[in-house]
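Below you'll find the structure, written out as structure tokens, and then a few comments.
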Amino acid sequence: MNQISSNESCDPLPMQSTVTLNVTDKELAQDQEYNPFEHRNVTHPTSTLGSFFHLLKSSLGSGLLAMPAAFKHTGIIPGCFGTILVSVIATHCVHILVTTSRDICRHCHVSSLSYTETCERVFKHGPIKLRKYTQFVRHFADYSMAAVCLGGTSVYVIFIASSLKDICDHFNPTYKFSVKAYCGFLLIPLIVLTQVRHLKYLVPFSLVANICLLLTFVITCIYTFSDLNDFSNAKLSSDVAQWPLFLSTAIFAMEGINVVMPVENEMKNPEHFLGCPGVLNITMILVAILYAVIGLFGYIKYGEDVKGSITLNLPQDEILALTAKIMVAIAVYFTYCLQMYAPMEIIWTRTKASMRQKLHNIGQILLRTFSVTLTVVLAVAVPDLELLIGLVGAIFFSTLGLFIPIVVETVHKWNRDLGRFNYILWKNILLLLFYLLVLVSGCYSAIKEIIIKYS
């Protein structure tokens with residue numbers, strides 16, 4: 001990523017008794033004069049089409065395979081409307097985050113800011129009473145990013161373990177191990193893979209994972225759309241008490257906000273990211289359509305028997321289906337190390353200063369080993385793919401994708417312009433209520449189902 005050249009002129013001026021807390025028209029005009037796009041010096045900028053594929057890839061993954069199970073919690077009609085609602089809200093939160101980041105770049109005269117830096121600068125130059133929380137906000141954003149990755153990788157452990165159990169049970173029905181046992185078997189291979197510390201060495205793993213996922217999606221669609229005649233197993237609407245699990249699963253599946261700022265910052269033409277049509281809108285429309293189609297027809301195909309990953313519903317005795325299960329296990333295994341890269345960098349940056357230089361190598365090994373063990377322990381504690389996705393989506397993904405962008409935009413606009421009748425404030429209050437609904441109801445529903453299932 002390009003280096004960010006900060007400018008001390010963005011530090012707030014001393015307040016005088018006759019000066020209001022609102023940003024003046026002159027300051028706003030000065031902000032508009034600086035164009036951060038003209039000052040970006042990206043060594044290898046990404047084309048608009050390349051940025052589209054990066055953003056699409058970040059939103060399409062194992063979560064797509066979980067959408068039929070999400071539809072099971074709502075039924076056909078609420079599931080379709082819910083997918084549209086979640087995609088609109090997720091897109092809007094990305095939009096306000098990027099817009100806020102660009103505004104604060106103009107105000108501080110810097111070329112680009114990361115997700116965490118945007119949160120930090122907004123509070124640093126926001127209302128005076130909130131500036132003391134600047135460092136706390138930075139740490140909160142950093143650790144939220146790490147928690148999303150660690151929670152997501154726990155789901156990956158269950159994905160791999162469930163697929164391996166399905167495959168091994170077919171080839172060796174005499175000895176059947178539990179999903180928990182397969183999670184334990186994965187501990188050493190995951191620890192070894194996660195010791196790769198440089199992103200450039202992970203590129204081959206990413207390529208293999210993408211090819212395997214693509215082929216898995218194709219095979220899954222072949223089975224899903226073949227012999228699609230019986231609609232009796234699918235409900236038009238399910239019990240409202242189950243809807244929160246749909247929301248948290250859909251948020252887990254669609255949220256890719258942690259890669260948005262790197263993609264936007266590396267664009268050759270960043271003005272193409274937002275707007276209509278823009279990279280963001282086109283990507284999210286396509287994502288919403290794919291998730292709705294896979295979720296709807298996967299649920300219609302398998303009804304109430306659909307599992308946390310639709311690949312687990314594929315036949316066990318057919319070569320094509322077994323191939324898909326093997327490939328999805330390989331894809332998620334390699335994706336695991338990619339997802340662990342970001343939290344390891346964040347946590348290591350915070351901890352390496354507390355130890356001597358010669359212990360850094362051992363410290364990295366221990367940190368990565370502990371982090372992998374933590375994800376495996378969480379997977380063993382909740383070895384149900386469907387419920388773990390709901391729990392992780394409700395707590396971690398909703399916080400990073402909904403709560404933080406809402407708060408950041410509100411703080412940034414507080415002394416500037418909240419719109420006519422303060423509509424931005426009221427809009428964000430409604431979004432905050434939606435976040436609380438997802439957080440509280442999603443956690444309650446997931447924990448309730450976990451207690452019922454394992455008690």
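The values are calculated or read from the model by the stated rules, or taken from the named source; none is laboratory data. As the structure is a prediction and not an experimental result, all values here were calculated from the model. Virtual Cβ from ideal backbone geometry, glycine too; neighbours counted across all protein chains shown. Calculation scope for accessible area: heavy atoms of the full protein, side chains included, ligands and nucleic acids excluded. Shrake-Rupley method; radii C 1.70, N 1.55, O 1.52, S 1.80 Å.
Can you work out the FRET efficiency for the pair Ile211 and Tyr454, with r the C-beta to C-beta distance and R0 = 45 Å, to the nearest 0.05? Once rounded, the FRET efficiency stands at 0.80. Accessible surface of Ile285, taken over heavy atoms with a 1.4 Å probe and every protein chain present, rounds to 100 Å². Look at where the Cα atoms of the stretch 167-219 and of the stretch 331-367 average out, and the two centres are 20 Å apart. Remark on Gly75: its backbone amide H falls under 5 Å from those of Ser238, a criterion applied only to residues 5 or more positions apart or on other chains, H modelled at 1.01 Å from N.
Derived scalar couplings between HN and Hα for the stretch 145-155 equal 4, 5, 5, 4, 5, 5, x, x, 5, 5, 5 Hz in order, rounded to whole Hz, by the Karplus curve 6.51 cos²θ - 1.76 cosθ + 1.60 (θ = phi - 60°), x for Gly and Pro. For Gly308, the residues 5 or more places off, or on other chains, whose built amide H falls under 5 Å of its own are Glu386.
Cα extents for the stretch 73-134 along the principal axes, largest to smallest and rounded to whole angstrom: 48, 26, 15. Taking a ≥ b ≥ c as the square roots of the eigenvalues of the alpha carbon gyration tensor, the chain is prolate, as a/c is not under 1.5 and a/b beats b/c. Applied to the stretch 440-455, the Karplus parametrisation 6.51 cos²θ - 1.76 cosθ + 1.60 on θ = phi - 60° returns per-residue 3J(HN,Hα) values of 6, 5, x, 5, 4, 5, 5, 5, 4, 5, 5, 5, 4, 6, 10, 8 Hz, with x for Gly and Pro. In the stretch 341-455, inverting the average of 1/r over every pair of distinct C-alpha atoms gives 17.4 Å as the Kirkwood radius.
Normalised per residue, the accessible area of the chain is 47 Å², obtained with a 1.4 Å probe and no contribution from ligands, DNA or RNA. Take the Cα of Thr323, step 7 Å along the line toward its Cβ, and report every residue of the stretch 216-239 whose backbone nitrogen sits under 18 Å from that point. Only 216-226 fall inside the zone, counting backbone N under 18 Å. Put simply, when 411-422, 395-406 are sorted by average Cβ atoms within 10 angstrom per residue, most first, you get 395-406, 411-422. Its Cα centre serving as origin, the chain has a Cβ charge dipole (Lys and Arg +1, Asp and Glu -1) of approximately 1080 debye. Once both labels are positioned 7 Å from their Cα atoms along Cα-to-Cβ, the gap between Ile222 and Phe185 label points is 2.6 nm. Estimated from helices alone, the mean residue ellipticity of the chain at 222 nm is -22500 deg cm²/dmol (sum of -39500 (n - 2.57) over DSSP H runs with n ≥ 4, per residue).
Sorting 86-94, 353-361 by average packing, meaning the other beta carbons within 10 Å per residue, from highest down gives 86-94, 353-361. In terms of its alpha-carbon gyration tensor, the stretch 253-297 comes out oblate; a/c meets the 1.5 threshold, while b/c is at least as large as a/b. On the beta carbon distance between Phe81 and Thr351, with R0 = 41 Å, the FRET formula returns roughly 0.35.
Would you mind telling me the share, in percent, of accessible area of the chain contributed by carbon and sulfur at probe 1.4 angstrom? Its accessible area is 66 percent carbon and sulfur atoms. Distance from the alpha carbon centroid of the stretch 299-325 to that of the stretch 254-285 works out to 33 angstrom. Note on the stretch 368-395 and the stretch 50-108: Cα centroid distance 22 Å, given to the nearest whole angstrom.
Backbone geometry of the stretch 110-115 corresponds, through the Karplus equation with coefficients 6.51, -1.76 and 1.60 at θ = phi - 60°, to 3J(HN,Hα) couplings of 10, 7, 7, 9, 7, 4 Hz, x marking Gly and Pro. With an a/c value of 1.5 or above and a/b not larger than b/c for the gyration tensor axes a ≥ b ≥ c computed over the alpha-carbon atoms, the stretch 251-392 is described as oblate.
Distance between the pseudo-spin-label points of Phe136 and Leu274 (7 Å out from Cα toward the beta carbon): 2.8 nm. Close amide H partners of Thr46, meaning residues 5 or more places away or on another chain with modelled amide H under 5 Å apart, are Met267, Lys268.
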